[in-house]
């Protein structure tokens, strides 16, 4: 048990303290103190592992050891320096959080407990260290047992491999897979519920309603919300001043058919039943893991076209979006391609002069789902009449190509691609007017906030400073934010958990900004800037904005 009870190592302690202090620095979004405590513990554990490993490697390569009379002063100096740095970082952390909240127009009077942050981090760090040392103890015990039967080098290599495999299997096949299964079971139960205030539609133009080919019970929770909340005709008429049409909304749940191909075929039959191919615009919408569709995307388009619209979406998972991103990305891509290809094939059979405008849109994982229906930007432009993607993850293949191939001098958080001839990026409405060159149709718009962790989180943050921290920085990026190896990766990952806890125009909240996006991509004939402003005000005034 000496391995478990041994004192902390010099290198490990030093880097644990430095990593903890780095975790206190500002990132993309404000965070509560409890989350900071968790982040501090994780950062300290990573720092200790790196420091301890570096120390062990150094001792193996360099035979020199500091004399005993020099070790005690060295420890004292190191501990005093780390303590002073920790106190300073904890003291500054409140100001950093307040500055970030002020930058985003949030209340700066927050609850922040530096002693509690330090205590929670220390407690969790100790638990992580104990678990790691117990694993190490198990490995040493195994090596000593093997040493009785095989040469020592064979025993050591075999022991390390066995322990590494055991930890990997435990983490992946037991803990993570078990967690996914539990979440899937819980999410499937949630999928069977219905949000308060959502009722089965009375219109035959909506899935789940009268004569629908898709049963209301199979739509799933988010599908029922999408189908049951089409903008009422009376509201559309009141906004436009003219008699509106009943909007068409088609949704196919995960339980509505047996495979993505069967779901897509069912969606097309439902579109045919409702007369969707006779509408002015047909929008294929991507969904997040649970099947959610951003109501701002769907409602804005219905208001713009006074209900002369058909919207279609398809569920591919029960899981929350962040977990679905980890385990269901392949399923999302296949579902998006199946749905769009099926809709496009049926759309092509309509008379050329009477086809509806065909557009695609999705937020977050929904944008990833639909981007994967196309090979590249030319293919997207060739097969659609426009696209609006909101908060695209770093994994989006077309987005990554456009960002990496941006025009020289344009920042990564607001790139300009081929002088804005086809695709443009924006956080604020005026961004879509830049550069002042000709913008051809079909158009593609990406809405992305400079402070959105969903857009910027990537495994590359582990080892490389991101381009979005270079000057000039985005308008809502804290100037005090910096990059730290390993630490920033976990900080931005943690930011995703609070990405919706900020005002519109920051983090992963886009609100009524989609109105300007749709106006740029697919505005109906006669639509004016005044109409855009009116609709933006209407969408912004909703209680969920």
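The values are calculated or read from the model by the stated rules, or taken from the named source; none is laboratory data. All values derive from a computational prediction rather than experimental measurement. As a convention, Cβ positions derive from the backbone with ideal geometry for all residues, glycine included, and neighbour counts pool all protein chains shown.
Across region 487-502, not a single residue is classified as assigned to a loop (DSSP other than H, G, I, E, B) and farther than 19 Å from residue 36 by Cβ. From the list 291, 286, the lone residue that is closer than 30 Å to residue 504 by Cα and modelled with pLDDT of 95 or more is 286.
Selection within region 450-473: residues that are in contact (Cβ under 8 Å) with a residue 40 or more places away in the chain and outside any loop (DSSP other than H, G, I, E, B). The member of this set that is nearest to the chain's Cα centre (by Cα) is 454. Among the residues of region 245-255, not a single one is at pLDDT 95 or above, more than 30 Å from the chain's Cα centre (by Cα) and over 30 Å from residue 528 (Cβ atoms).
Which numbered condition trips up residue 499, out of (1) buried (at least 23 other Cβ atoms within 10 Å of the Cβ); (2) at pLDDT 95 or above? So residue 499 meets the others, but not (2).
Scanning region 48-81 for residues that are under 30 Å from residue 114 (Cβ atoms), touching a residue at least 40 places away in the same chain (Cβ under 8 Å) and either within 40 Å of the chain's Cα centre (by Cα) or not in a helix (DSSP H, G or I) (or both) yields 48, 49, 50, 51, 52, 54, 55, 78, 79.
Out of 374, 389, one residue alone is within 23 Å of residue 281 (Cα to Cα), in the same structural domain as residue 290 (by TED's automatic domain parsing), in contact (Cβ under 8 Å) with a residue 24 or more places away in the chain and under 16 Å from the mean Cα position of the chain (by Cα). It is 389.
Can you tell me which residue in region 328-340 is nearest to the chain's Cα centre (by Cα), limited to those that are surrounded by fewer than 24 Cβ atoms within 10 Å (Cβ to Cβ) and assigned to a helix (DSSP H, G or I)? Among them, the one singled out is 329.
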